[in-house]
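Asks: The structure's right below; bear with me while I get my questions together.
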Amino acid sequence: MHIQITNISKTFKGGHRALDQVSLSLSPGEMVALIGASGSGKSTLLRHISGLMSADADAGSSIVIGDVAVQHNGAIHKRVRAVRANVGFVFQQFNLVDRLPVLTNVLSGGLSRVPLWRSCLRYFTRAERQLGLEALARVGIAEHAYKRASALSGGQQQRAAIARTIVQKAKIILADEPIASLDPESARRVMQTLADLNRQDGTTVLVSLHQVDMALRFCPRTIAMRRGQVVYDGPSSALTPAMLSELYGAEAQDILAPSEPPPGEATVPHFSPAIQALAAAA
């Protein structure tokens with residue numbers, strides 16, 4: 001599904017401007033990285049896209065997904081629930097219910113399509129359970145279906161959260177720092193899972209990341225933010241140390257911090273030699 005963002009700003013109490021006239025367009029089936037140092041506005045932007053947060057009431061501001069407005073002039077659209085059914089949100093802290101089985105957590109992705117009484121009772125049909133098991137198999141953790149969510153590692157919990165978006169049949173996945181708290185190998189698996197959904201299902205993926213190497217490895221397009229503004233939007237391959245240093249100044253060291261590679265791989269294998277040099281010098 002197409003995403004169109006036009007002139008979105010967000011000012012919090014105290015005058016802090018988290019977003020400043022942001023305009024973007026994402027085509028169906030893109031996989032896009034959203035990078036920037038802490039406080040750059042990445043998470044705030046994702047929450048606006050999903051309709052979890054309303055923007056400043058500026059004339060002409062809007063967010064449209066497909067052919068339905070999520071919000072317009074700072075007001076959330078009355079049909080936003082219908083839009084959200086197509087938008088899966090993957091949070092940094094997984095948002096699973098620890099005491100419930102993994103399968104039950106995953107099946108909650110389909111609650112928008114079942115009657116209220118069934119959602120309250122967590123009653124799922126055999127076909128729905130099969131769909132949940134297939135989703136867990138796709139993300140590589142089917143053997144953990146009946147374990148409590150709290151028994152899984154961080155990386156496994158994040159893949160369960162992604163499986164939930166598969167059950168939801170989301171056409172768009174917004175992932176907010178999904179690998180920030182994971183070890184390098186778990187982070188790689190989560191990013192690979194998102195990339196597989198993008199490639200195999202045509203799911204549009206917008207993922208906020210803190211490290212440039214992951215953007216280069218998995219996302220053809222990168223949007224860079226600084227202090228609430230979009231400062232770069234283009235091919236990930238075009239990002240250079242000089243560009244990042246110019247855009248971020250002293251903050252460049254923060255976002256250039258490389259992830260550790262899996263055993264047997266060279267350090268930051270998808271960086272250009274120039275970016276490797278800058279990361280090593282940071």
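Asks: Highest mean first, how do 191-201, 171-181 rank when packing is the count of other Cβ atoms within 10 Å averaged over residues? Write down the numbers at each step before the final one.
Replies: Details: 191-201: 17.9, 171-181: 21.7.
Those peptides, ordered most packed to least, come out 171-181, 191-201.
Asks: Sticking with this one: Non-local amide H neighbours of K10 (under 5 Å, H modeled in plane, Pro and chain starts lacking H): which ones?
Replies: A18, L19, D20, Q21, D56
Asks: Can you put R159, R227, R122 in order, fewest other beta carbons within 10 Å first? Spell out each step's value before the answer.
Replies: Values: R159 30, R227 15, R122 12.
Listing R159, R227, R122 from fewest to most nearby Cβ atoms yields R122, R227, R159.
Asks: Output the relative contact order of the stretch 1-105, whole-number percent, from Cα pairs under 8 angstrom with separation of 6+ residues.
Replies: Values: 158 pairs, mean separation 24.9, N = 105.
Once normalised by length, the contact order is 24 percent.
Asks: Then there's this: Would you order L45, L100 from fewest to most other beta-carbon atoms within 10 Å of each residue's own beta-carbon?
Replies: Details: L45 30, L100 16.
Ascending number of Cβ neighbours within 10 Å: L100, L45.
Asks: Further, regarding this structure: Cross-link candidates for K10: which aspartates and glutamates have Cα within less than 15 Å, leaving aside residues fewer than 8 places away along the same chain?
Replies: Here the aspartates and glutamates satisfying the reach criterion relative to K10 are D20, D56, D58.
Asks: Say R0 is 51 Å: what FRET efficiency, to the nearest 0.05, do D58 and L100 get from their beta-carbon distance?
Replies: Working: r = 41 Å, r/R0 = 0.81.
That pair, D58 with L100, gives E of 0.80.
Asks: Under the definition of Cα pairs under 8 Å and six or more residues apart, what whole-number percent is the relative contact order of the stretch 34-178?
Replies: On the way: 208 pairs, mean separation 42.3, N = 145.
This gives 29 percent for the stretch 34-178.
Asks: Using a basic spin-label model with each label point 7 Å from the Cα along Cα→Cβ, how many nm lie between A137 and S38?
Replies: Each label point lies 7 Å from its Cα, and together they span 4.2 nm.
Asks: Using per-residue counts of other Cβ atoms within 10 Å, averaged over each peptide, order 76-84, 12-20 from highest down.
Replies: Numbers: 76-84: 15.3, 12-20: 13.0.
So the order, starting with the most tightly packed, is 76-84, 12-20.
Asks: Take each of the peptides 48-55, 130-137, average the number of other beta-carbon atoms within 10 Å over its residues, and list them starting from the highest. Show your work: numbers first, answer last.
Replies: Working: 48-55: 20.6, 130-137: 19.0.
Ranking, from highest mean packing down: 48-55, 130-137.
Bear in mind that the values in this text are calculations on the coordinates, not laboratory data. Quick caveat: nothing in here was measured; it's all calculated off a predicted structure. Here Cβ is always computed from backbone atoms with ideal geometry, including for glycine, and neighbour counts include all displayed protein chains.
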